[in-house]
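Working notes for the structure below.
The values are calculated or read from the model by the stated rules, or taken from the named source; none is laboratory data. Since this is a predicted model, take the numbers as computed values, not measurements. As a convention, Cβ positions derive from the backbone with ideal geometry for all residues, glycine included, and neighbour counts pool all protein chains shown. Heavy atoms of the whole protein, side chains included, go into the accessibility calculation; ligands, DNA and RNA do not. Shrake-Rupley method; radii C 1.70, N 1.55, O 1.52, S 1.80 Å.
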Amino acid sequence: MRFQTTKNMTCRFAIATLIFSLAACSHAPKEAPPQPAVIDDHGLLRIPDHSPLRSRLQVQTVELRALPHTLAAPAMVEADPARTANILPPLSGKVVSLKVGLGDTVHRGQLLAVIGSGDFAQAVADVAKARDALDLAKKSLDRASGVQQAGGAAVKDLQAAQSGYNQALDEYQRAQTRLAAVGGTADSGKHAAGPGISVLAPMDGSITALSIAPGTYVNDVTAPMMTIVNLDLVWVTANVAEDDLALVARDEPVDVTLSAYPGSVLHGRVSSVSSVLQPDTRRGMVRITVSNADGRLKPNMFATATFAAAQPAQVFVPESALLMNNDSTTVLVEVSPWTFQRRTVQLGDDEGTGTRVLAGLRQGDRVVVKGGVLLND
């Protein structure tokens with residue numbers, strides 16, 4: 001009986017202990033839920049105190065910058081047409097002698113070739129005959145003038161002599177002009193046979209094309225015998241896209257780099273902008289004059305022309321501030337301390353040191369430039 005009573009008391013004590021423990025647990029304080037790192041308040045992103053994002057976000061004030069737009073275009077070295085001369089034969093004939101070779105450097109007035117021509121010989125003979133006729137007409141005029149002064153000749157005889165002299169003078173001048181047009185000189189006209197047509201260099205330069213040889217005949221007076229190019233100044237012709245042509249202006253400075261000389265930058269100026277576009281590429285030809293005193297630039301070399309087109313002052317932001325949202329680009333603008341609002345922006349060109357913003361921001365706005373991707377979800 002006593003054992004039963006002791007067992008009951010032990011059970012009641014255990015039950016009481018369990019109830020006390022459960023009651024104690026029900027009155028223990030609950031842990032507070034964790035604080036969010038960012039709060040989305042109807043489109044406003046708030047960063048609470050003690051949020052770890054505060055140490056990871058960087059905010060910067062937007063400024064206006066008058067930075068020129070850097071425009072690069074493919075280009076090619078070309079000879080200046082005003083410094084290029086195609087040497088045509090004045091008359092058909094045989095190449096008696098050739099004084100230059102392909103690649104030679106020549107100077108203005110230098111003898112290039114001599115061409116023997118029947119037409120040239122005829123021109124020389126015409127000058128000689130015209131000179132003789134002029135001399136005879138001059139003697140007749142002097143004689144008629146002397147007789148008339150002595151009273152022994154009629155006025156009409158003097159007038160006839162004067163007319164004959166005028167006609168002889170005109171014919172002599174015509175013959176000389178004809179001879180000069182085919183490459184002859186005053187000395188050529190003194191010899192009936194003549195030494196042949198002397199072809200002279202019209203300017204300094206180099207022989208870049210040659211299509212004749214001694215002993216050959218030149219029959220087509222419209223086909224060049226050789227080409228002389230002066231490369232002291234050359235053109236670098238850039239192909240600028242239609243949309244960028246408005247950014248290029250005459251006399252604008254340009255930097256030129258060439259595949260043949262890596263690391264070397266040449267400086268020139270825009271000499272002309274084409275008035276028409278190339279129909280196949282829809283690009284305009286912009287010609288840049290570049291000094292080539294050392295002769296390093298060769299026609300048909302590939303190059304890149306870099307223009308610095310002046311632009312009005314515009315808002316710039318670092319690329320790290322730009323966030324992609326579907327098909328739009330946004331930035332996070334600080335509207336109050338540690339409160340940000342997403343704003344869509346319209347971008348211009350990337351200039352390397354920042355991106356132009358055409359719409360969506362204004363001077364003085366503060367934007368997230370680092371860590372914005374943490375708020376972009």
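General observations
- The residues listed here are VAL106, VAL114, VAL124; of these, the one that is more than 17 Å from ALA181 (Cα to Cα) and surrounded by 17 or more Cβ atoms within 10 Å (Cβ to Cβ) is VAL106.
- Each residue in segment 65-102 was checked for being in a loop (DSSP other than H, G, I, E, B), open to solvent by 50 Å² or more (accessible area, probe 1.4 Å) and either touching a helix residue (DSSP H, G or I) at 6+ places or on another chain (Cβ under 8 Å) or among the small types (Gly, Ala, Ser) (or both), and 1 of them qualify.
- For segment 343-359, a residue qualifies if it is modelled with pLDDT under 90 and not hydrophobic (A, V, I, L, M, F, W, C), and the qualifying residues are GLY348, ASP349, ASP350, GLU351, GLY352, THR353, GLY354, THR355, ARG356.
- Filter pass, ARG366 being of a type in the set (Lys, Arg) and at pLDDT 90 or above: yes
- Of all residues in segment 53-63 being open to solvent by less than 80 Å² (accessible area, probe 1.4 Å) and out of contact with any helix residue (DSSP H, G or I) (no Cβ under 8 Å at 6 or more places or on another chain), the one that is farthest from THR353 (Cα to Cα): ARG54
- In segment 297-341, the residues that are closer than 30 Å to ASN239 by Cβ, surrounded by 18 or more Cβ atoms within 10 Å (Cβ to Cβ) and small (Gly, Ala, Ser): ALA303, ALA305
- Qualifying residue in segment 106-123 (condition: acidic (Asp, Glu) and under 15 Å from ASN230 (Cα atoms)): no
- Close pairs from segment 33-61: first within 16 Å of GLU334 (Cα to Cα), partner of a type in the set (S, T, N, Q) and in a loop (DSSP other than H, G, I, E, B), Cβ under 7 Å, at least 6 apart: VAL38/SER51; PRO48/GLN35
- Set ALA133, ALA113, ALA161: member being in contact (Cβ under 8 Å) with a residue 60 or more places away in the chain and of a type in the set (A, V, I, L, M): ALA113
- Residues being surrounded by 13 or more Cβ atoms within 10 Å (Cβ to Cβ) and either in a loop (DSSP other than H, G, I, E, B) or at pLDDT 85 or above (or both) - total across segment 36-52: 8
- Extreme residue, least open to solvent (accessible area, probe 1.4 Å), among residues of segment 342-377 that are within 38 Å of the chain's Cα centre (by Cα) and polar (S, T, N, Q): THR355
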